[in-house]
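Encoded as structure tokens, the structure appears first; notes follow it.
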Amino acid sequence: MGDGNTASSTPAAVTEMKVDPARAAALAANLGAVKERLANAVSSAAYFGSGRSVRLVAVSKLKPANDILALHQPGDGQEGQVHFGENYAQELRDKAALLPRSIKWHFIGGLQSGHCKNLARISNLWCISSVDSAKKAKLLETARAAFQKEVASASESGEEAGPIHIHVQVNTSGEESKSGCNPGDETVALCRTIVEECPNLKLLGLMTIGAIARSKAVASDDSAENPDFVALREQRDLVTKALGLTEPLELSMGMSDDFASAVASGSGEVRIGSTIFGLRPAKADAKLTV
């Protein structure tokens with residue numbers, strides 16, 4: 001496989017990929033149920049605006065490209081899912097090469113320096129949600145700038161490669177096992193680097209995963225507020241003030257078990273995987289297509 005994602009807007013592999021009708025119907029039903037729950041959560045979170053939009057990222061980690069295609073191109077006049085998230089850099093690259101460029105990919109896994117060049121060369125990579133150091137931000141910036149020049153010089157390809165949206169990951173729980181910037185000066189400094197030194201990146205907001213115990217607590221008690229969500233909101237306000245930002249930064253927090261609480265706490269994006277796609281196989285058993 002080459003370094004870049006430079007095929008036409010609809011790869012030939014898409015026309016050859018089979019989508020099982022029964023599987024497609026089950027996935028569509030799951031996605032519909034999640035969207036309904038999300039809409040109810042948004043309407044209940046009046047404090048943050050009853051009409052606000054919350055992005056749903058369907059986390060397709062270890063699921064075949066056929067499943068993604070089924071949700072992206074459902075047919076029968078239904079609106080296709082656009083935003084999909086992947087945890088593994090190589091898996092994202094492989095799927096992006098097979099699937100339509102109209103998909104907006106999110107890299108949500110732990111970001112390593114070695115991932116940056118290859119990820120930045122995926123034209124329809126819409127967001128990286130796990131940037132936690134200035135070094136990685138600058139590697140992404142350099143690689144995206146170089147890729148944009150290549151794309152511009154090969155205009156006949158019809159390819160486009162705009163800035164990559166960035167969520168800065170914040171370690172709100174203070175767990176050593178968690179990635180992310182420390183709250184406070186470290187988070188502010190990284191956000192400043194992206195805004196002031198990385199024109200090919202666009203600071204979209206902040207992201208946290210948080211402590212599992214806290215997520216379980218709010219999942220079982222709708223009235224409870226997750227301390228990690230509160231902390232991320234405070235960090236957003238801190239960054240906004242420190243950098244004098246005029247555009248609001250979004251919060252990316254909430255997954256299958258706790259997304260209603262996250263929305264109630266002001267999240268602008270939730271990441272839902274198993275509730276839509278079902279249980280994941282072991283990594284060794286995962287298949288790119290079926």
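The values are calculated or read from the model by the stated rules, or taken from the named source; none is laboratory data. Values in this document were obtained by computation on a predicted structure and should not be read as measured data. Cβ placement follows ideal geometry from the backbone for every residue including glycine, while neighbour counts extend to all protein chains displayed.
Considering only the stretch 255-271, I want to know if a residue exists there that is aliphatic (A, V, I, L, M) and within 15 Å of the chain's Cα centre (by Cα). Full working, then the answer.
Initially, the stretch 255-271 is screened for residues aliphatic (A, V, I, L, M), giving 255, 260, 262-264, 270.
After this cut, where a residue has to be within 15 Å of the chain's Cα centre (by Cα) as well, the list is 255, 270.
Scanning the stretch 255-271, I find at least one residue that is aliphatic (A, V, I, L, M) and within 15 Å of the chain's Cα centre (by Cα), so the answer is yes.
Name the residues in the stretch 194-218 that are out of contact with any Phe, Trp or Tyr (no Cβ under 9 Å at 6 or more places or on another chain) and assigned to a helix (DSSP H, G or I), would you?
Within the stretch 194-218, I194, V195, E196, E197, I212, A213, S215, K216, A217 qualify.
For the structure I just gave you, tell me whether A224 is buried (at least 17 other Cβ atoms within 10 Å of the Cβ), over 17 Å from the mean Cα position of the chain (by Cα) and aliphatic (A, V, I, L, M). Quick ask: steps written out before the conclusion?
Numbers: buried (at least 17 other Cβ atoms within 10 Å of the Cβ): no; over 17 Å from the mean Cα position of the chain (by Cα): yes; aliphatic (A, V, I, L, M): yes.
No; evaluated as a whole, the condition is false for this residue.
Residue by residue through the stretch 221-266, note down the ones that are in contact (Cβ under 8 Å) with a residue 24 or more places away in the chain, part of a loop (DSSP other than H, G, I, E, B) and of a type in the set (S, T, N, Q).
Residues satisfying the conditions are N226, S265.
Just one of (1) more than 21 Å from S261 (Cβ to Cβ); (2) among the β-branched types (V, I, T); (3) under 22 Å from the mean Cα position of the chain (by Cα) trips up T172, so point out which.
Every listed condition holds for T172 apart from (1).
Which condition from (1) at pLDDT below 95; (2) more than 30 Å from A137 (Cα to Cα); (3) touching an Asp or Glu at 6+ places or on another chain (Cβ under 7 Å) is the one that G77 breaks?
(3)
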